[in-house]
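Participant: My questions all concern the structure below.
The values are calculated or read from the model by the stated rules, or taken from the named source; none is laboratory data. Keep in mind it's a predicted model, so treat the numbers as computed, not measured. FYI the Cβ positions are ideal-geometry reconstructions off the backbone, even for glycines, and counts take in every protein chain you see. Calculation scope for accessible area: heavy atoms of the full protein, side chains included, ligands and nucleic acids excluded. Shrake-Rupley method; radii C 1.70, N 1.55, O 1.52, S 1.80 Å.
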Amino acid sequence: MAATSAAAEVDAEARSILEHAAASSFPPLHAVHHLLSVGVCVRCIFRFFGAFSYAAPCLSLTASVLHSFLEEHDDSAKCGSCSCLSKDEAYCSICFGVLLPTCYQDDGVEPLRSVSPIDNVTSIISQAVQREGHQVDEFSLEISLPAVIAANDRAIRLYMKEKYGSANWFNEKIFSQQTMSVKESLRVLLVPSLEKQMNVKHGNNSFRIRLTYTHDEGSQKLLKLLPNDRGRKRKAESRDGNSTKRGSTDDDKHILSESDAFINKTLEGIQDQEFCSLFQLPPEKVLEACHLVISCQRSPIYIGGRYLKLSRNVSQSCWIIDDERMGEASVEEIIGENVRAICKGDGYKFHAAGREDIDVRMLGSGRPFLVEILNVRSIPSATEVKQIADKINDSEKKHVRVRNLKLVGSEIWTMMREGEAEKQKQYAALIWTSRPLTDDDLHNISLIKDMEIVQKTPIRVLHRRSPLERKRIIHWWVETDFSFIKSILCSIHLRIRRSSVRMEIEKISGGSNYYLLHLCTQAGTYIKEFVHGDLGRTHPSVGVMLSCRAEILQLDVTDVKMDFLQ
């Protein structure tokens with residue numbers, strides 16, 4: 001008895017919606033019946049006439065219910081052999097079954113037989129998100145539909161215009177303005193159910209659920225109908241050096257996915273008259289539903305700070321030549337892998353404000369860096385970020401340390417790029433000169449400030465850098481505290497000193513002709529070449545200014561002057 005009562009309530013709801021639509025939205029009912037007979041689904045009919053939003057929640061609005069209503073109110077629907085009630089397995093000739101889904105197969109997911117088709121789809125989506133292990137507090141929904149849906153939508157519009165355009169009730173402008181797209185209609189159907197399934201709200205969020213619908217057969221047929229398509233494909237394949245004959249299904253799918261943007265753009269450029277000559281009106285019935293692929297993606301998150309590189313055998317980025325690793329490790333891997341593991345990301349990109357050579361240490365306050373983590377499953381808390389820093393800093397090998405590690409916004413990336421060209425860097429260089437330096441030499445060097453030098457691309461990097469001539473400024477010192485380590489020839493330990501605003505050369509006790517050079521330069525200055533001159537490619541150089549041969553033995557960066565990630 002309860003079941004009968006519930007069914008009656010459902011029928012009453014459907015009838016109420018149909019009566020409201022007939023009175024306010026629908027054209028003459030024979031036109032509605034005609035849409036039904038050419039394979040347009042109930043939801044697309046309501047969508048066409050601006051009634052989708054209030055009809056969408058009613059699950060009992062089926063083709064048979066609509067046809068029964070039409071039989072009661074329109075004599076043209078009383079034909080016993082009406083094609084709109086055909087028993088074949090046809091899908092909507094516009095939306096290809098997207099708005100009236102049956103069952104989508106997805107590996108590892110069991111469809112729920114006792115719920116509505118829409119709830120079944122959102123259950124599959126929710127399970128896919130859970131399998132990926134994403135931490136979700138809000139989501140945005142992205143939908144991609146094959147271009148053939150837009151083409152068939154337009155074909156039905158033009159067909160109706162061709163058949164009823166002269167009728168008084170037909171107003172093309174209103175018809176166009178009232179129509180909700182298939183994509184937006186699907187969003188209206190899915191979002192409330194998905195919010196309920198996942199127990200989170202839909203919004204403009206960095207976590208995106210993407211639904212990609214494809215229909216290979218329909219897309220292939222559409223490609224063949226478009227003007228000049230064959231020539232376009234031949235040109236593209238000729239550029240790639242590929243044959244025009246393709247035997248691979250994967251190749252076909254790749255071409256179809258790449259051509260969606262081209263198809264939509266081409267359709268927009270085709271006038272209605274040409275469209276009608278190219279396409280069948282109305283479109284043929286669809287016997288195969290769209291294929292759905294569900295993917296989850298979170299916008300990259302950024303963790304930034306400053307790193308110190310304490311080893312002269314660690315590169316900044318992973319450096320492999322002829323399958324052989326250069327150095328013991330890299331800053332990129334040591335920091336990036338530890339960050340990725342905590343965030344459970346698919347991968348990472350390492351960005352730094354400049355770089356140092358593998359044999360150059362990065363000391364002082366460290367070099368600013370960002371780790372861009374891709375598609376993270378969880379956003380780390382402050383405690384987890386501290387755990388990352390502790391794990392790196394407590395590493396047994398002590399190659400790299402990090403400071404001020406924290407979760408930052410993407411705007412830091414822009415700030416770092418903009419500030420990179422303007423930054424100044426301080427260095428401590430262990431140098432050797434071919435003669436002992438006099439007090440006058442040291443005094444004269446200390447007087448020089450903000451000197452412009454000209455550097456051609458160094459010989460050592462000429463194989464991978466453009467042969468350019470660059471002007472750079474040697475600023476000498478700015479007033480600051482800095483630290484450096486002296487570890488050559490004699491045991492000299494870490495010490496902190498305050499320098500004056502000038503370049504200094506400091507003699508190392510216990511060594512002949514060995515000196516520590518402290519200087520501050522413009523970003524992009526090649527320090528090694530500034531010392532030895534690079535066979536005259538850098539001018540002036542330390543050797544030229546001292547009128548002797550000068551060689552650099554070791555180099556440390558002691559400060560990178562940038563006002564963020566301090």
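Participant: List pairs: first in the range 22-51 and touching a residue at least 12 places away in the same chain (Cβ under 8 Å), second of a type in the set (D, E, K, R) and surrounded by fewer than 20 Cβ atoms within 10 Å (Cβ to Cβ), Cβ under 7 Å, 6+ apart or cross-chain?
Facilitator: Cβ pairs passing all conditions: Leu29/Asp74; His30/Asp74; His33/Asp74; Gly39/Lys285.
Participant: Right, next: Of the residues that sit in the range 384-436 and are assigned to a strand (DSSP E or B) and of a type in the set (Phe, Trp, Tyr), which one is farthest from Ala523 (Cα to Cα)?
Facilitator: Trp432
Participant: In addition: Which pairs do you get when a residue that is over 21 Å from Leu100 (Cβ atoms), found in the range 198-221, comes within reach of a residue that is of a type outside the set (S, T, N, Q) and assigned to a loop (DSSP other than H, G, I, E, B), reach meaning Cβ atoms under 7 angstrom, with the pair 6+ apart or on two chains?
Facilitator: What qualifies is Met198/Val136; Val200/Val136; Val200/Asp137; Phe207/His134; Phe207/Val136.
Participant: When you scan the range 514-535, how many residues do you find that are more than 20 Å from Ile473 (Cβ to Cβ) and open to solvent by 20 Å² or more (accessible area, probe 1.4 Å)?
Facilitator: Residues flagged as more than 20 Å from Ile473 (Cβ to Cβ) and open to solvent by 20 Å² or more (accessible area, probe 1.4 Å) within the range 514-535 amount to 2.
Participant: Something else about it: Taking only the range 339-349 into account, find how many residues are in a strand (DSSP E or B) and buried (at least 19 other Cβ atoms within 10 Å of the Cβ).
Facilitator: Total meeting the criteria: 1.
Participant: How many residues are within 20 Å of Gly364 (Cβ to Cβ) and either open to solvent by 30 Å² or more (accessible area, probe 1.4 Å) or touching a helix residue (DSSP H, G or I) at 6+ places or on another chain (Cβ under 7 Å) (or both) when one looks only at the range 314-331?
Facilitator: Matching residues across the range 314-331 total 2.
Participant: Follow-up. Sort out which residues of the range 311-336 are out of contact with any strand residue (DSSP E or B) (no Cβ under 8 Å at 6 or more places or on another chain) and not hydrophobic (A, V, I, L, M, F, W, C), and write them in order of number.
Facilitator: Asn313, Asp322, Asp323, Glu324, Arg325, Glu333
Participant: Filtering the range 126-140 down to residues that are out of contact with any helix residue (DSSP H, G or I) (no Cβ under 6 Å at 6 or more places or on another chain) and more than 18 Å from Lys344 (Cα to Cα), which residue is surrounded by the most Cβ atoms within 10 Å (Cβ to Cβ)?
Facilitator: By that ranking, first place goes to Phe139.
Participant: Can you name the residue in the range 352-410 that is in contact (Cβ under 8 Å) with a residue 24 or more places away in the chain and of a type in the set (Ser, Thr, Tyr) and is also nearest to Asp563 (Cα to Cα) among such residues?
Facilitator: Taking the candidates together, the pick is Ser365.
Participant: Considering only residues that are surrounded by fewer than 17 Cβ atoms within 10 Å (Cβ to Cβ) and of a type in the set (Ser, Thr, Tyr), which ones fall in the range 264-300?
Facilitator: Within the range 264-300, Ser277, Ser295, Ser299 meet the criteria.
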